Amino acid sequence: MSRILVTGSADGLGRAAADSLLSAGHEVVVHARNPERAAGLDALSDRGAHVVVGDFAERDAVRRVAAELNDGKPLDAVIHNAGVWSGPAVMPVNVIAPYLVTALLRGPRRLVYLSSSSHFDGRPSTDGVDWRGGKAGSYSDSKLFVTALAAAVARLRPGVLSNAVDPGWVPTKMGGPNAPDDLELGHRTQEWLASSDDPQALTTGGYWYYGEQLEPHGSVHDEDFQDRLLRTLAEETGTVL
C-alpha cells in the first residue's frame with residue numbers, strides 16, 4: 001500500500017480520488033485550502049486520512065504545507081489535483097503550486113498532474129505571464145504549462161514516474177452540472193498511475209485520458225520549451241527544481 005497526497009481534495013475529482021484510494025487500503029493525505037473546507041473532510045479523516053491545510057494561491061502556504069509533509073511519513077505519490085478555472089488564482093494554483101510542491105517535497109516516486117484538453121489551446125510562451133495572480137490568467141495556458149512540467153520532470157528525474165492526466169469534462173463544481181463526461185471515470189486514471197503495479201502504470205512522461213495514452217500539444221515534449229518554462233519558474237519562485 002502507498003502513502004498518497006491528493007491536493008485539492010475537499011470536493012470534486014480530488015475528493016473522489018481520495019475516497020477511492022482510502023477504500024483500496026492506501027494511506028491518503030487530503031488537502032483543503034482553508035479550515036472551513038477542511039472541516040468537510042471529516043468523513044475521510046475518520047477513515048484514517050491525514051489532513052493538510054493551505055491556500056495554494058499563496059506561495060508561503062504551499063511552502064508551509066510542503067515543509068509539514070517533509071516532517072512526516074514519506075509520501076510515495078502525489079496527485080496534483082488542485083486547480084481553478086478562471087480568475088487571478090489560475091497561474092498561482094494551476095502552475096506555481098504544483099511546481100513548488102514538486103521542487104520541495106522529498107521522496108515521492110510517482111507524480112500525477114491534472115491536465116485538460118484545453119491545453120491544446122494553450123500558448124507555448126511564458127512572455128507576459130502574470131505568475132503572481134495580479135490579473136486573471138489563461139486556463140488553457142496554465143494546463144499547457146503543467147503538462148509540459150510533467151514531461152520535464154519525467155525527463156529530468158529518471159527515478160520518478162511523472163505523468164499528466166486529462167480527467168475529461170466532468171460534472172464537478174468546476175465542470176458544471178451539465179458536463180458530459182463520467183465523473184467516476186474522471187478520477188480512475190490518476191489513481192491507477194499513482195498506485196498500480198500494472199506495467200503500463202509504471203511508465204513515465206505520458207499524457208493520459210481514460211486509461212489511454214494520447215499525444216499532447218506538440219510543445220509538451222519540446223525540451224527547449226520545457227527548459228525555458230523551468231528557468232522561468234525557478235526565477236519567479238527562487239526555487240530550482
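The values are calculated or read from the model by the stated rules, or taken from the named source; none is laboratory data. Because the structure is predicted, anything quoted here is derived from the model rather than measured. So basically every Cβ, Gly included, is an ideal-geometry build from the backbone, and we count neighbours across all protein chains shown. Accessible surface areas use protein heavy atoms only, side chains included; no ligands, DNA or RNA. Shrake-Rupley method; radii C 1.70, N 1.55, O 1.52, S 1.80 Å.
Of note:
- The largest accessible area among Y99, Y210 belongs to the first residue in Y210, Y99, and the rest follow in falling order (1.4 Å probe, all chains).
- Taking the protein heavy atoms of the stretch 1-120 in the context of the full set of protein chains, the accessible area attributed to carbon and sulfur is 49 percent at 1.4 Å.
- Only helices enter this figure: runs of n ≥ 4 DSSP H residues, each worth -39500 (n - 2.57), summed and divided by the residues of the chain, yield -11000 deg cm²/dmol at 222 nm to the nearest 500.
- Axial C-alpha extent at least 20 Å, average Kyte-Doolittle at least 1.6 - helices from the chain (DSSP): none
- Solvent-accessible area per residue for the stretch 1-153 (1.4 angstrom probe, square angstrom): 38 Å²
- Just the protein heavy atoms count here, and of the accessible area of the stretch 202-241 at 1.4 Å, carbon and sulfur take up 46 percent.
- A probe of 1.4 angstrom, applied to the heavy atoms of all protein chains, finds S162 with accessible area near 0 square angstrom.
- Positive end of the dipole of the chain (Cβ unit charges, origin at the Cα centre): among N81, L21, P92, the Cα lying farthest that way belongs to P92.
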